[in-house]
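The values are calculated or read from the model by the stated rules, or taken from the named source; none is laboratory data. Since this is a predicted model, take the numbers as computed values, not measurements. In this analysis, Cβ positions are derived from the backbone assuming ideal geometry, glycine residues included, and neighbour counts consider all displayed protein chains. To get the accessible areas, we keep the full protein, side chains included, count just its heavy atoms, and leave off ligands, DNA and RNA. Shrake-Rupley method; radii C 1.70, N 1.55, O 1.52, S 1.80 Å.
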Amino acid sequence: MRKLADSEPRLRKSVCLKVPKQYGEKTLALANGLKILNNRIEIQRDQDFVYVPLLRKPSGDESEDLKQQIADYKLVAHIFPERKKREPSIAELLENRLPPHLFAGLPHSADFVGDIAIIEVSPELETYKNLIGEAILKTNKNVRTVLAKAGAVSGTYRVREFSIIAGEVRTETIHKEYGSQYYVDVAKAYFSPRLSYEHNRVASLVKEGETVIDLFSGVGPFAIQIAKNHEKVKVYAVDANPHAIEYLKRNIRLNRVGEKVHPILGDARQVIDEELSGVADRVIMNLPEKAIEFVDTSCKAMKPSGGIAHFYCFVNASDSLDNVKGRFVEAVEKCGKKAEILFFRRVRATAPYEWQIVLDARIH
Ligand SMILES: C[S@@+](CC[C@H](N)C(=O)[O-])C[C@H]1O[C@@H](n2cnc3c(N)ncnc32)[C@H](O)[C@@H]1O
C-alpha cells in the first residue's frame, strides 16, 4: 500500500533581504507591509543571517523605509527551495460534497498496479465511490483508472472482483518492478504489488545453473525476475489459471526470457507427477492458503539430493510462528525427508492480526 499523492520541492534563485538573524521577524513584517514579500518560496536561515525572499527589488522610497528600520540589511540573490507545492488532498477536493461525518472513512492509501489505483471503499461511502475515484485521479497524475475492491480474493485462481469507479474502463495494465515489466489484468489473474520485495528477494537467492519450479506462478513475477537476474537458469512456471498462463507467456516475451522460463498450464500436483519429478534445486510455493497441502508435491519435485523450498502461508494472532514451522517440518517428514529452516519473515499484513509469512527451508 502506498500513500495517495506527493510532490518534490524545486530550487529557485530570488532577490532577497539578507539581515542579521535578530532582525528576521521585523524584516519579514516590513517586507510584507510593503507588499514585496514572496510567499511562494521559503525563508532561509543560516547561523548568523536570515534571507527574506522578495517579489522584486525595493523601490527608492521602499529602500529608504527599510534602511531607517534595519540599518544593516543587504539586497542579495539567493537560492531558495520553492514552497512544497502541496497537492490538494482527497478530503479537500471533496469538501462540500460529502457529509462531514464520512470524511474520517476516506481511503488514505492504495495499491498501485501500473497506472491503476486499487482502493477499499467502506460500505457507508459506497454512494460516493465515483467522487472518491475522480479525486484520486486528480491527485495522482500517473493513475488512469481507479478500481474499488468488490469482494475478497477467492476461488482456485485467487482473484477478486472490482468495480471501476473512475477513469479508463479497464483492468489491464503494465506494472514495473525491479527492472522487469508485467502485463497484468487484476480481474483475471492474481497479482499484488505488495509482493515485489519478495519476488526480488527469492530471485537474488537463486544460484547460476539451478532448475527452479514456481508451482503457483500467476503471471510470472518470481519466474521472470529469476530469469532476468541469472544467465544460466531453467524455470518451470506452473499455474492452473489459463488467464495467468496467457499473461505469463506475454510477459516472457516482453522481458525476453523465452529460453529460460517454461510456462505450464495445469494443476501443480499433476504437473509434477507427470512431468517434473526429481528435477528441481528450488521450489517456490506461493499459494499461502493451501501450500501445506502441496509439501509432498514440492518434495517430489526436488532432486533426490534435496533442495530449497520457499513456503508461504498465513498466520494469525491465535497461531504462532513455531506452530507454522512445526506443521511444515512434520509435512516434510511425512514424505521421508528432513527440513532445516534457514530463514523466515513476515511478508505483509493481510488483515488485522493476520500476516503472510515465508519460510525458506533446505530439504534433505
Ligand atoms: C497467490 S497466487 C500467486 C501468484 C504469483 N506467485 C505472484 O507472486 O504473483 C496463487 C496462484 O496459484 C494458482 N493455483 C491455485 N491452485 C493451483 C493448483 N492446484 N495448481 C497450480 N496453480 C494453482 C492460482 O491460479 C494463482 O495464480
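Does ALA223 meet the test of being closer than 24 Å to ARG345 by Cα, near the ligand (Cβ under 9 Å from one of its atoms), in contact (Cβ under 8 Å) with a residue 24 or more places away in the chain and touching a strand residue (DSSP E or B) at 6+ places or on another chain (Cβ under 8 Å)? Criteria met by ALA223. Among the residues of this structure, SER154 counts as one that is out of contact with any Phe, Trp or Tyr (no Cβ under 9 Å at 6 or more places or on another chain) and farther than 18 Å from GLU246 by Cα. Give the residues of the range 227-262 that are more than 16 Å from the ligand (Cβ to nearest atom) and either touching a Pro at 6+ places or on another chain (Cβ under 7 Å) or on the phi > 0 side of the Ramachandran plot (or both), sorted by residue number. The answer is ARG256, and nothing else.
Do we have SER305 as open to solvent by 50 Å² or more (accessible area, probe 1.4 Å) and among the small types (Gly, Ala, Ser) here? Considered against the rule, which asks whether it is open to solvent by 50 Å² or more (accessible area, probe 1.4 Å) and among the small types (Gly, Ala, Ser), SER305 comes out as yes.
Residues in the range 54-65 that are part of a helix (DSSP H, G or I) and open to solvent by 40 Å² or more (accessible area, probe 1.4 Å): GLY60, ASP61, GLU64, ASP65.
In the range 312-335, of all residues being within 16 Å of ALA349 (Cβ to Cβ) and either of a type in the set (Ser, Thr, Tyr) or not assigned by TED's automatic domain parsing to the domain that holds ARG348 (or both), the one that is least open to solvent (accessible area, probe 1.4 Å) corresponds to TYR312. Being surrounded by 13 or more Cβ atoms within 10 Å (Cβ to Cβ) and within 44 Å of the chain's Cα centre (by Cα) is the filter here, so list the residues in the range 22-35 that pass it. Result: GLY24, LEU28. The set of residues in the range 191-240 that are over 14 Å from ASN286 (Cα atoms) and open to solvent by less than 10 Å² (accessible area, probe 1.4 Å) comprises VAL206, ILE224, GLN225, ILE226, ALA227, VAL235.
For beta carbons closer than 8 Å, sequence separation of 6+ or different chains, a first residue in the range 245-261 that is free of Cβ contacts under 8 Å to residues at least 40 places away in the same chain and open to solvent by 50 Å² or more (accessible area, probe 1.4 Å) and a second that is assigned to a loop (DSSP other than H, G, I, E, B) and not hydroxyl-bearing (Ser, Thr, Tyr), there are no qualifying pairs. The set of residues from the range 185-220 being in a helix (DSSP H, G or I) and more than 7 Å from the ligand (Cβ to nearest atom) comprises PRO193, ARG194, SER196, TYR197, GLU198, ASN200, ARG201, VAL202, ALA203, SER204, LEU205. On the stretch given as the range 66-104, residues that are touching a helix residue (DSSP H, G or I) at 6+ places or on another chain (Cβ under 9 Å) and open to solvent by less than 20 Å² (accessible area, probe 1.4 Å) total 6.
Considering the range 145-163, and only residues there that are among the hydrophobic types (A, V, I, L, M, F, W, C) and more than 17 Å from ASN130 (Cα to Cα), the residue that is surrounded by the fewest Cβ atoms within 10 Å (Cβ to Cβ) turns out to be ALA152. Residues of the range 152-180 that are more than 16 Å from the ligand (Cβ to nearest atom) and not in a strand (DSSP E or B): GLU168, VAL169, ARG170, GLY179.
Regarding GLY326, is this residue at positive phi and free of Cβ contacts under 8 Å to residues at least 60 places away in the same chain? Break it down stepwise before answering.
Details: at positive phi: no; free of Cβ contacts under 8 Å to residues at least 60 places away in the same chain: yes.
No.
Restricting LEU321, LEU342 to residues that are modelled with pLDDT under 95 and more than 16 Å from the ligand (Cβ to nearest atom) narrows the list to LEU321.
Here is the figure for the range 263-291: residues that are open to solvent by less than 20 Å² (accessible area, probe 1.4 Å), more than 9 Å from the ligand (Cβ to nearest atom) and not in a strand (DSSP E or B) total 3.
Among the residues that make up the range 105-114, is at least one of them open to solvent by 40 Å² or more (accessible area, probe 1.4 Å) and assigned to a loop (DSSP other than H, G, I, E, B)? Yes.
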